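Chemist: Before we start, here is the structure in question, set down as structure tokens.
The values are calculated or read from the model by the stated rules, or taken from the named source; none is laboratory data. No experiment lies behind these values; they were computed from the predicted model shown. All Cβ positions, glycine included, derive from the backbone under ideal geometry; neighbour counts span all protein chains shown.
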Amino acid sequence: MITTRKRRNGRYLILFTLFLALIAYFSYHAVEGDHGLHKRATLAEKIRKLESELAALKEERLRIEHDVSLVTTRVRSEPDLLDEQARSLLNFVRPGEIVVLHPSASADK
């Protein structure tokens with residue numbers, strides 16, 4: 001069978017279109033897909049924010065640990081100090097204690 005150039009060119013055109021469509025498909029998903037460039041940039045920004053938040057939390061933890069170490073050294077020398085501070089912060093009283101309430105400034109209005 002003898003083929004003409006026109007028929008052969010038609011096949012190449014179909015193959016070229018198919019390959020062009022595949023390239024466009026994979027290029028689109030490389031940029032916009034679940035693991036694409038835009039998603040990677042978004043994740044990198046999120047990582048930067050979380051790392052800065054982690055650094056702030058580490059600083060706060062160090063401050064709290066320092067405060068706790070100060071309290072524990074004071075508790076050894078003054079054992080009633082911790083009890084007094086905890087009861088005042090948590091608003092606890094022991095049975096038999098007398099509580100004197102002071103009127104607040106907002107109650108006068």
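Chemist: Note down all Cβ pairs under 9 Å where the first residue falls in region 36-63 and is at pLDDT below 95, the second is surrounded by 10 or more Cβ atoms within 10 Å (Cβ to Cβ) and part of a helix (DSSP H, G or I), and they're at least six residues apart or on different chains.
Modeler: 36/28; 36/29; 36/30; 37/30; 37/31; 38/31; 38/32; 39/32
Chemist: Now for a separate question. What's the number of the condition residue 2 fails, among (1) at pLDDT 90 or above; (2) not in a helix (DSSP H, G or I)?
Modeler: Of (1) at pLDDT 90 or above; (2) not in a helix (DSSP H, G or I), only one is false for residue 2: (1).
Chemist: Evaluate region 82-95: report whether one residue or more is in a helix (DSSP H, G or I), among the aliphatic types (A, V, I, L, M) and at pLDDT 80 or above.
Modeler: Within region 82-95 (the criterion being in a helix (DSSP H, G or I), among the aliphatic types (A, V, I, L, M) and at pLDDT 80 or above), the answer is yes, since at least one residue qualifies.
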